[in-house]
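The values are calculated or read from the model by the stated rules, or taken from the named source; none is laboratory data. Owing to the predicted nature of the structure, the values given are computational and were not obtained by experimental measurement. Neighbour counts are summed over all protein chains in view; Cβ atoms, including those assigned to glycine, are modelled from backbone coordinates with ideal geometry.
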Amino acid sequence: MQLTMLGVGSSAGTPMVGCSCATCNSDNPRNKRTRCSSLITLDTGENILIDTGPDLRDQSLREDIKRVDAVLYTHTHADHLHGIDDLRAFCQIQRQQIPLYAKEDAVEHIRQKFGYVLREPSGDYWDLPVLRTETIHGSFELFGTKITPIPVLHGRCHILGYRIGNLAYMTDVSEIPESSLALLQNLDVVLLDCLREISHPTHINIEQSLTYIGRIKAKQSYMIHMTHELEYASLTNKLPKDVFVGYDGLKLHIN
């Protein structure tokens, strides 16, 4: 499969509105971070989107995405959900309903806040998104690929990361329970939250992220969901071998 990092930024993105710090003023394109999301492209051609952030339209144009076959939601905070209406374009192109996979509480949140998108196809009318929800109760198969939800904590919220083959994706993490760490063995690649240098009540920082990376022992590890406080080149120089700073547009090929 191929993973494309659509966005590796935090909820404010980088550059941040009104900020004149070195990262926000940087000419390095790897310091330009849209809100956090990734796309999995299977060898069979299907595209699985992880989260629908508010930059989804721009990310889709940048990466020339022509289809989305399913969406995996980690949680329903605005920076991971509020681009849901932009799935309309893919419904129009494909002329088919797109399934959304999420925890039960996340499904209920989508129904309450974005109920208009949950519709059955109706003739040739595709002016609105045509989506359906699928509640995750454990591991499941999607387009012949096993998807394993990874329960993690985001402050007081119980959210999901995902293991897809030998890839794991975990954003907005404050703690990974021992039972979830047991699901993260023998990975080729892990993408993991790394908000900033100092501690935060709902996200792990650099030190905590590296500690988890050391326990997971994936062949390659990538830091995502970063604020403007982390500058690409500076952070890269601090990291050990086989740990990398993610950036918008980075593509990984995974067995």
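Here are the numbers for the structure shown:
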read-out: Lone qualifier among S10, S20, S26 - being buried (at least 22 other Cβ atoms within 10 Å of the Cβ), modelled with pLDDT of 95 or more and of a type in the set (S, T, N, Q); value: S10
read-out: Counted residues, region 78-97 - those being within 15 Å of D55 (Cα to Cα) and outside any helix (DSSP H, G or I); value: 2
read-out: Those residues of region 215-243 which are over 19 Å from G165 (Cβ atoms) and not in a loop (DSSP other than H, G, I, E, B), in sequence order; value: R215, M223, M226, Y232, A233, S234, L235, T236, N237, K238, V243
read-out: Check on K103, under 25 Å from L192 (Cα atoms), among the basic types (K, R) and either touching a Phe, Trp or Tyr at 6+ places or on another chain (Cβ under 7 Å) or at pLDDT 95 or above (or both); value: yes
read-out: Residue satisfying all of: in region 41-75; polar (S, T, N, Q) and not in a helix (DSSP H, G or I); nearest to L250 (Cα to Cα) among these; value: T41
read-out: Residue within region 225-243 that is of a type in the set (G, A, S) and surrounded by 15 or more Cβ atoms within 10 Å (Cβ to Cβ) present; value: no
read-out: Those residues of region 155-164 which are more than 17 Å from the chain's Cα centre (by Cα) and either surrounded by 14 or more Cβ atoms within 10 Å (Cβ to Cβ) or on the phi > 0 side of the Ramachandran plot (or both), in sequence order; value: G155
read-out: Output for region 165-191, where each listed residue is outside any loop (DSSP other than H, G, I, E, B), touching a strand residue (DSSP E or B) at 6+ places or on another chain (Cβ under 6 Å) and farther than 15 Å from I254 by Cβ; value: M170, E175, S180
read-out: Some residue of region 110-133 being under 30 Å from Q185 (Cβ atoms) and either aliphatic (A, V, I, L, M) or at pLDDT below 95 (or both); value: no
read-out: Subset tally (residues that are touching a strand residue (DSSP E or B) at 6+ places or on another chain (Cβ under 8 Å) and of a type in the set (G, A, S)) for region 192-229; value: 3
read-out: Check on C36, crowded, with 22+ Cβ neighbours inside 10 Å, in contact with a His (Cβ under 7 Å, 6 or more places away or on another chain) and at pLDDT 95 or above; value: yes
read-out: Pick from region 244-255, criterion part of a loop (DSSP other than H, G, I, E, B) and not small (G, A, S), ranking: surrounded by the fewest Cβ atoms within 10 Å (Cβ to Cβ); value: N255
